[in-house]
1. Could you tell me which of the residues Arg251, Arg195 is modelled with pLDDT under 95 and basic (Lys, Arg)?
2. Working only within segment 161-210, note down all residues that are in contact with a strand residue (DSSP E or B) (Cβ under 6 Å, 6 or more places away or on another chain), of a type in the set (Gly, Ala, Ser) and assigned to a helix (DSSP H, G or I).
3. Can you spot a residue in segment 98-105 that is more than 16 Å from the ligand (Cβ to nearest atom) and within 13 Å of the chain's Cα centre (by Cα)?
4. Any idea which residue in segment 195-251 is nearest to the ligand (Cβ to nearest atom), counting only those that are in contact (Cβ under 8 Å) with a residue 12 or more places away in the chain and of a type in the set (Lys, Arg)?
5. Among the residues of segment 59-86, how many are among the polar types (S, T, N, Q) and over 14 Å from the mean Cα position of the chain (by Cα)?
6. How about segment 96-141: which of its residues are acidic (Asp, Glu), surrounded by 17 or more Cβ atoms within 10 Å (Cβ to Cβ) and more than 20 Å from Ala8 (Cβ to Cβ)?
7. Identify the residue in segment 62-95 that is of a type in the set (A, V, I, L, M) and in contact with a helix residue (DSSP H, G or I) (Cβ under 6 Å, 6 or more places away or on another chain) and, among all such residues, is nearest to the ligand (Cβ to nearest atom).
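The values are calculated or read from the model by the stated rules, or taken from the named source; none is laboratory data. None of these values were measured; they are calculated from a predicted model. Using ideal geometry, Cβ is built from the backbone for each residue, glycine included, and neighbour counts are taken over all protein chains shown.
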Amino acid sequence: MRTALVVANWKMHKTVAESLAFAAALGPALADVRGVEAAVAPPFTALAALQNALAGTSVALAAQNAHFEKNGAFTGEISVAMLAELGCRYVILGHSERRALFAESDAFIARKVRAVQAAGLRPILCVGESDAEREAGRTFDVLRSQLEGSLAGADAARASELVVAYEPVWAIGTGKTATSAQAQEVHAAIRAILRELAGGLADAIRIQYGGSVKPENAAELMSQPDVDGALVGGASLKAADFVAIVKGATR
Ligand code: PEP
């Protein structure tokens, strides 16, 4: 059985002091929670402080992005080795904001997936269709092309460490959520595509749902057989809400 994974994606929110205040509330609140894995993806600037603050807790650390080169003249970028040094277990890749605002292509994301896997960290690969693509009946084609493109050259032997986040773009930060039936239908389709790419290992790949997940809808979404946790934006900024969502994912 797959252990659900719930990740707080703070995006460009929280200073180091604010991150530490969150961690101080989170560790004790999740101390007795079993059957689910939680992780926090703060801005790069708070990773070192959280590495310390979360040591000895069950909460893992994730990064929001990484560059695929080991080092070099890439002003403003962070390498996977730098993230590994700070104790990151996961790296979010291909978030729709990076695809849309920073023009990241599937081929570019695929290079990052390969670099993250090579360093022994776990990619959280985000895929999802826009409103227009859904309206045009293109959801499954879009997802297939994102998955095939972003996983090109990925290490199949490490497939079970891969996490895929299905984040319909129309549901991110909008308050609109996919129904649990819609999410399950798409997650099952994603798993079928992953099976073509990774064979039986696809059954071990966790597929998170993301898009306006909140305490009120989390348990229902994550009760679906192919919904293996959540990637949470807005509602992850308050420790109490994030804790409630994590508890809603226990299986
Ligand atoms: C996200 O950006 O990954 C996300 C799911 O955001 P929100 O929960 O705010 O919709």
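1. Arg251 is the lone residue from the list that is modelled with pLDDT under 95 and basic (Lys, Arg).
2. Once the filter is applied, which keeps residues that are in contact with a strand residue (DSSP E or B) (Cβ under 6 Å, 6 or more places away or on another chain), of a type in the set (Gly, Ala, Ser) and assigned to a helix (DSSP H, G or I), segment 161-210 yields only Ala183.
3. Scanning segment 98-105, I find no residue that is more than 16 Å from the ligand (Cβ to nearest atom) and within 13 Å of the chain's Cα centre (by Cα), so the answer is no.
4. Checked segment 195-251; the qualifying residue nearest to the ligand (Cβ to nearest atom) is Lys214.
5. Final tally of qualifying residues: 3.
6. Start the filter on segment 96-141 by keeping residues that are acidic (Asp, Glu), which leaves 97, 104, 106, 129, 131, 133, 135, 141.
Narrowing further to those that are surrounded by 17 or more Cβ atoms within 10 Å (Cβ to Cβ): 97, 104, 106, 129, 133.
Of everything in segment 96-141, those that are acidic (Asp, Glu), surrounded by 17 or more Cβ atoms within 10 Å (Cβ to Cβ) and more than 20 Å from Ala8 (Cβ to Cβ) turn out to be Glu104, Asp106, Glu129, Glu133.
7. Top of the filtered list is Leu93.
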